[in-house]
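Remarks on the structure that follows.
Laboratory data are not the source of any read-out in this text; all were calculated from the coordinates shown. None of the values given here were measured: they were computed from a predicted structure. Note: ideal-geometry Cβ built from the backbone for every residue, glycine included; neighbour counts use all protein chains shown.
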Amino acid sequence: MRGEAPPPSLKVGVTRIGGWRNEVVFVLTGLDIEAKANLVRTQLAEVLEGVADTTWTLARTDHEDADTQETASALLRLVVRDPSPDPGGPRLTSTAIELALGSYPGFHVTSPPGPAQPYGVFTSTLIPSDEVPHTAVLPDGTRVRVPVPPAEPLAPPAPPALPPAPLGPPALPLHPGPPAGPGVRGRAGGAGGARGSAGGTGRTRVPSGRTAVCGTSSDGIRVEVKTP
């Protein structure tokens, strides 16, 4: 069995420094949780101007008539990201803590915010396969360089199969019409080249002004005769 040739490129992953990140988690208690969260967002709006990325998340972990302080509290999380450590540094963290003297009742945070920390970002890209050494390691530790096989162009996909051509309506057998009595003659064959000639010959009688069905041709055409 022979496999396909490898593609001309390889997928590689790259982990790089994406910037600097910091976060503050505010604990909201009591009534009007949404109003308290909006108050904090408004009070920090000025210090967050110019930050590359700002994310607010309100987790409604609070419960009505809770038995403990933890289950009665909601968490408002602020996450900032920026190429520079300054926007998420002391200016932000100091301002957030100073809100304790002039913000919502019961203000507190889960922990004192620290300095901004670097965070990583994973990305993937393609590189030519001949730029990566291909090496086979044998059981005894011997390393054998494997030449890069030439990349073969991919064959174009096969066109989709066309549906079979319709065969047309099936031929219908000859079905005689209801008997109309003697008096009307039907003749087999193609008199005058008509397709609707009835099969067989018979003699029926039809009252004046009535229509009689003589039969049905092999291709489904009904043959009728009307008397004057």
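Prolate is the label for the stretch 13-122. Its Cα gyration tensor axes, ordered a ≥ b ≥ c, give a/c of at least 1.5 and a/b above b/c. Peptide packing for 7-20, 118-131 was compared via the average number of neighbouring C-beta atoms within 10 Å per residue; ordered from the highest value, the list is 7-20, 118-131. Label-to-label distance for VAL144 and GLU46 is 7.3 nm, based on points extended 7 Å past Cα in the beta-carbon direction. Projecting label points 7 angstrom from Cα along Cα→Cβ for ARG16 and SER124 puts them 1.8 nm apart. Between the stretch 127-145 and the stretch 65-115, the alpha-carbon centres lie 52 Å apart. Around GLY120, with a cut-off of 14 angstrom between Cβ atoms, what is the net charge of the other residues, counting Lys and Arg +1 and Asp and Glu -1? Value of the local net charge: +3.
Taking Lys and Arg as +1 and Asp and Glu as -1, the other residues whose beta-carbon sits under 14 Å from that of GLY18 total +1. Sorting 141-149, 75-83 by their mean Cβ neighbour count within 10 Å, with the most densely packed peptide first, gives 75-83, 141-149.
Counting other Cβ atoms within 10 Å, keep those with at most 11, restrict to DSSP loop, and tell me which GluC sites (Glu not before Pro) in the stretch 53-113 are left. In loop regions of the stretch 53-113 (DSSP not H, G, I, E or B), the sparsely surrounded GluC sites (Glu not before Pro) are GLU64.
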